[in-house]
Structures are given as structure tokens and as C-alpha cells.
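This report refers to the structure that appears directly beneath it.
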Amino acid sequence: MASSRAIKGTAIVTGAGTGVGKSVATALLKEGWNTVFCGRRKPLLEQAIGEAGRTEAKALAVACDIGKPDEVDALFAATVQAFGRVDLLFNNAGIGYKSTPIDEIPVDVWNDIVAVNLTGSFLCARAAFGAMRRQSPMGGRIINNGSVSATTPRPGSVPYTATKHAITGLTKTLALDGRPYDIACGQIDIGNALTDMARPMTVGVPQANGTIAPEAVMDVQRVADAVVHMASLPLDANVLFMTVMATKMPFVGRG
């Protein structure tokens, strides 16, 4: 009888109830990672786990608002209690806002986006770094979801773009600070993966020239495949930055 696939480690995926997070968490689970599906709505997480089907690796649904330090600490404590360690964090959860000039963006919207996209990513990275530094054997990997907005903005996207630019700084600093502890950190910048959040792109979204136009999209599974590849590397190798985008989307060039 064939031997069962060895468990590759323990992964935490934030924003795992829908979209990119759900696809990545499912792919990691099927690839042999014990995977914690994290998000604010536990029924969605449990549904995502159910849809993944039977796997040799184990899944755990943990409801968590990543903008709240106590809930993030509880998330990592639950992970260690269930699986003994943390080997991988996919820092994915994020929110956006409709295309709006800066002077019309409510301050509460800015605060909400910063709380999730930036503070939430910091809190999860902080908890992961601490767990990885102190566990035996030491080390692990953090992968941040930067989005192509980490380098190139869309019109009217000040809060989202500012937080995603900041994620690039978080990635670089973690990659540097993690060296003594065998903690690798990389970033995946995603362009136009077809999720419910990105579906309006197929109809029409604001362009830099002031027009509204549809954009090319790609299967979200391509993102999941890329993250699985990044996660599969030994800790002496790291994909620092990767851009995975719909080939024909208006990103490079002049639109």
C-alpha cells in the first residue's frame, strides 16, 4: 500500500473565507499543509473547508478580526495548540473602496482600510515572527499579499494603494530581520485574479485616461499555484517579490 503524503507544515491563511484567500488555503491544504482558515465569518470558513473535500492534511477554521491584537494572539495560540507550530503565514486579508478622489474619502474609510490592510498585516506578521523565532526547529515563511497596487495605483485609490505600498516596506524589513532566525519573507503582487471582488473589472472600471473600460482577468487558481510554489521552497531560498497578473491587463506600458 502506498505511503501517505508527509505533512509539509502548518499554514495560516487570513481572509480565507472567499476569493484569493480561499483558493490559496484550499490549495495548501490539498498540497499537504495543515491549514488554518482565518476570517471574520466562521460559517464561510467552515464552508470553504467543506468544499475542499477530504485531504490527508487537517484544516481548522478560526474566526478572527486581524485588526484586533487580542484576536490575532488567540488565532496563533489556537494554531500552536492544534498543530504544535507555525511554518507559513499568508498575510492576505484586505479591503478596498470604490474609486474616489481623496477629498471625498471619509476619514473612517481610511481608518478602516489601514486597520485591516496594514495594521492587520503587521499584527499577523508580528505574531508569526514571534512563533517562528521561538519554536524548535526555528524558522518559517511569511508571504504578504501586496497586489499590483503595491507599485502602481489605480485612479482614486489612495487608501488601498497607500497601504499596499506600505506592505512592500513590511516585506523588505521582515526579509532582513528574519535572517538570523531562518524566517523568509516574500510578497506576491496580484493583478486581476477573477474573484467576486474583481468581477466588476469584466464589465468596466476607471482607467488612467478618464474612461471606463473592461479589463482582462485570470483564473484565481493561478495565484494559488504561485503561493504554493513560494511556500514549497526550502528556507535557504526565497521569492522576495513575484507578480502574477492577467497577461493582457493594463499594467505595464502606458495603460
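The values are calculated or read from the model by the stated rules, or taken from the named source; none is laboratory data. What you see is a predicted model, and the numbers here were worked out from it, not measured in a lab. Every residue, glycine among them, receives a Cβ derived from its backbone with ideal geometry; neighbour counts consider all protein chains shown.
Got at least one residue in segment 219-228 being in contact with a strand residue (DSSP E or B) (Cβ under 9 Å, 6 or more places away or on another chain), among the basic types (Lys, Arg), within 22 Å of Pro153 (Cβ to Cβ) and surrounded by 14 or more Cβ atoms within 10 Å (Cβ to Cβ)? Among the residues of segment 219-228, not one is in contact with a strand residue (DSSP E or B) (Cβ under 9 Å, 6 or more places away or on another chain), among the basic types (Lys, Arg), within 22 Å of Pro153 (Cβ to Cβ) and surrounded by 14 or more Cβ atoms within 10 Å (Cβ to Cβ), which makes the answer no.
Within the set Gly84, Gly67, the sole residue that is out of contact with any Phe, Trp or Tyr (no Cβ under 8 Å at 6 or more places or on another chain) and at positive phi turns out to be Gly84. For segment 173-226, a residue qualifies if it is at pLDDT below 95 and in a helix (DSSP H, G or I), and the qualifying residues are Arg199, Pro200, Met201, Thr202.
At least 3 residues being surrounded by 18 or more Cβ atoms within 10 Å (Cβ to Cβ) is the threshold, and among the helices (runs of 4 or more DSSP H) wholly inside segment 26-131 those reaching it are 42-52, 69-83. Applying the condition of being under 15 Å from the mean Cα position of the chain (by Cα) and more than 20 Å from Met230 (Cα to Cα) to segment 152-186 and asking which residue is surrounded by the most Cβ atoms within 10 Å (Cβ to Cβ) yields Thr163.
Considering only residues that are of a type in the set (Gly, Ala, Ser) and farther than 13 Å from Asn92 by Cα, look in segment 136-151 and name the one that is surrounded by the fewest Cβ atoms within 10 Å (Cβ to Cβ).
The selected residue is Ser136.
Hey, any hits in segment 132-145 for a residue that's without any contact (Cβ under 8 Å) to a residue 40 or more places away in the chain and among the basic types (Lys, Arg)? Checking segment 132-145: at least one residue is without any contact (Cβ under 8 Å) to a residue 40 or more places away in the chain and among the basic types (Lys, Arg).
Does Arg222 qualify as being without any contact (Cβ under 8 Å) to a residue 12 or more places away in the chain and either within 30 Å of Lys30 (Cα to Cα) or not small (Gly, Ala, Ser) (or both)? For Arg222, the condition - without any contact (Cβ under 8 Å) to a residue 12 or more places away in the chain and either within 30 Å of Lys30 (Cα to Cα) or not small (Gly, Ala, Ser) (or both) - is not met. Residue under question is Ala61, and the condition is that it be at pLDDT 95 or above and within 15 Å of Ala127 (Cβ to Cβ); does it hold? So Ala61 does not fit the description; no.
Could you list, in sequence order, all residues of segment 197-218 that are surrounded by 14 or more Cβ atoms within 10 Å (Cβ to Cβ) and of a type outside the set (S, T, N, Q)?
Met197, Ala198, Met201, Val205, Pro206, Glu215, Ala216, Val217, Met218
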